[in-house]
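Let me begin by presenting the structure, written as structure tokens, before commenting on it.
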Amino acid sequence: MSADEQDRPRATWRRRLLRGLLQGVLPLAVLAGAAAIVYTLMSSQPSSERAPERSEPARLVETVTVTRSDRTATVQAWGEVIPADSVQVAPRVGGEIVDVADDLEPGGRVRKGQVLARVDDSDYKVALRQARTELAKARAALRIEQGNQKVAETEAELLDQQLSEQERDLVLRQPQLQQARADVDAAQAAVEDAELDLQRTRVHAPFDAVVQSVSVDVGSQVSAGTTIAELIATDRYFVELAVPAAKLRWIEARQSSRGPGSRVQLANPSVWGEGRTRTGEVVRVRPDLSEQGRMARVLVEVTDPLDQQPPMLVGSYLRGRIAGDRLEQVVALDRAYLRESDSVWVMTGDGRLEIRAVEIAYRGPEEVYVSVGLGDGDRVITSEIATPTNGMKLRTRGDEGQQGNDAAGSGAV
């Protein structure tokens, strides 16, 4: 074998080794060069052109600053106007109705003692004359018997006989005298009864009232006890308010030993208009709960319901605000600002959100009174936050204005 033939395999092996090295090392060299170029470019950028770090944005909120003060627990309830006193008027004697007062019609106003209707009194006048006649007869019979007794006494003295007590009474006609006196008493009672019946032919109003209904007219035949009209006293009305039983502890009913009851402001906006109210007083609480809703029923007394403005009508549905007990040093907060689980959102002095638990002394229809958890000067957040988190940054429009003023001041020469 020649020398050229011996060197040919070695040359082939060298070429293969060189090709393998190039295929493995060349890609690594390219990557290293690219990394070096990128690093050089990043390092050579001016610092002012580097992307700034992202800071946490502050949420824009609205707040209200709260203070502690004494407040009155107000219980809101609705109820119906009902009569405090009402009566069904009826004659106590029967007969024909011969006269009816002009005011005796639904809605009419009548005064205490006013004659509302009159029953025909002809028969009752006759009965009175007859009773008086019988009385006169009885009195005459008594005088006759008294004369007979004197005669009997004279005869008994002339006989001069020893008589027993019983025999002497018989001789002196004591039983006859007692009977005559009893007849006079009975006749006198009959006269008085006839006089009463005659008086009862006139039906009087028992108190100042408004007429609710009338069931007779001139010519009607009535018997004793027949209702001729229904009257409602006008000196006072009741408003029966439905109140949750749990809120009764805030309400005081009138008691002679403890003074007046809780004051109540009554309103009927749809009828009286906005801003017009009447004032009443809680006089008592019914002893049972209503069948519907199991609510306590509080009776509020309103005096002169028709004579003052605005007038109250029986059956009206009113809103009542009952002034209950007084609460000392609490924070009044709109119910909308009370968050889940009796908490409030407070903006701290460094502009952070604090979700703070509070204690509620009273829950009213529009406000709650916070006894623990808020103090003077706390800023309660009134706007909504989508995802509230303790410690999140906050800002207000007032803060933005202050920042603008600070920037303008720092730029002044």
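Rounded, prolate or oblate: which one fits segment 232-302, using the alpha carbon gyration tensor with axes a ≥ b ≥ c (rounded when a/c is under 1.5, else prolate when a/b beats b/c, else oblate)? Judged from the Cα gyration tensor, segment 232-302 comes out oblate (a/c at least 1.5, b/c at or above a/b). Applying both filters, DSSP loop and at most 11 other Cβ atoms within 10 Å, to the trypsin sites (Lys or Arg not before Pro) of segment 281-316 gives R294.
Here the Karplus relation 6.51 cos²θ - 1.76 cosθ + 1.60, evaluated at θ = phi - 60°, turns the backbone of segment 309-314 into coupling constants of 9, x, x, 9, 10, 4 Hz, with x for every Gly and Pro.
Amide H contacts of H204 (H built 1.01 Å from N, in plane; Pro and chain starts excluded): L116 sit under 5 Å, all sequence-distant by 5 or more or on other chains. Taken one residue at a time, the phi angles of segment 233-250 give Karplus couplings (6.51, -1.76, 1.60, θ = phi - 60°) of 4, 9, 6, 7, 10, 10, 10, 8, 8, 8, 10, x, 4, 5, 9, 5, 5, 8 Hz. Gly and Pro are set to x.
Rule-based calculations on the coordinates, nothing more; no lab input. None of these values were measured; they are calculated from a predicted model. Here Cβ is always computed from backbone atoms with ideal geometry, including for glycine, and neighbour counts include all displayed protein chains.
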